1. With the crude spin-label approximation of a point 7 Å out along Cα→Cβ, what separation in nm comes out for R97 versus S31?
2. For region 68-122, what is the charge dipole size about the Cα centre, in debye to the nearest 20, if Lys and Arg each add +1 at the Cβ and Asp and Glu each add -1 at the Cβ?
3. Give me the accessible area per residue for the chain, probe 1.4 Å, as a whole number in Å².
4. Relative contact order for the chain using alpha-carbon pairs under 8 Å, separation at least 6, rounded to a whole percent?
5. Springs between alpha-carbon pairs under 10 angstrom, Gaussian network model over the chain: which of N86, N100, N30 fluctuates most?
6. Summing Lys, Arg as +1 and Asp, Glu as -1, what charge do residues with Cβ under 15 Å from the Cβ of P73 carry, P73 excluded?
7. Enumerate the calculated ³J(HN,Hα) couplings along region 60-71 in order (Karplus 6.51 cos²θ - 1.76 cosθ + 1.60, θ = phi - 60°), each rounded to whole Hz, writing x wherever the residue is Gly or Pro.
8. Using 0.36 nm per residue, how much length does the chain from E69 to D20 gain when fully extended, once their Cα-Cα distance is taken away?
Amino acid sequence: MNPDIFNDISYGVYVVSSVDGDRPTGCIVNSIIQVSAVPATMAISIHHDNFTTECIEKTGVFAISILSEKTDPKTISVFGFRSGRNYDKFTGFPYRRVDNLPVLEDSCGYILCKVIGRMESP
């Protein structure tokens, strides 16, 4: 195997967000796939101990903000390496609420989702 091949693999980086009461929270995710077109169904891979996961479980909904290549690296740093449990990650990042879910303004687009199932991996 040529390890340089990993440099050629294309994938996205996303902020998956939800709310803790009225407070927005979110985290970096890089595993999102379209499961079906009709009905539109997505699958995300998110750590089960993550605070955002806890909020998604409570609310049953989440948003996906699709980040671009031009996204400020600070976005990845804050949403990827800080816990929303004790830090407001959205401070300093322009966002809006769509159906009460936080969506980053600095994104290519967003997807609003309702949880229809869950699978725990070992």
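The values are calculated or read from the model by the stated rules, or taken from the named source; none is laboratory data. Everything numeric in this text was worked out from a predicted model, so none of it was measured. We place every Cβ from the backbone using ideal geometry, glycine too, and count neighbours over all the protein chains shown. Calculation scope for accessible area: heavy atoms of the full protein, side chains included, ligands and nucleic acids excluded. Shrake-Rupley method; radii C 1.70, N 1.55, O 1.52, S 1.80 Å.
1. 3.2 nm
2. In total the dipole reaches around 160 debye.
3. 65 Å²
4. 28 percent
5. N86
6. My count for the surroundings of P73 gives +1.
7. Coupling constants for region 60-71: x, 9, 7, 10, 10, 9, 8, 7, 9, 5, 8, 4 Hz.
8. 14.8 nm
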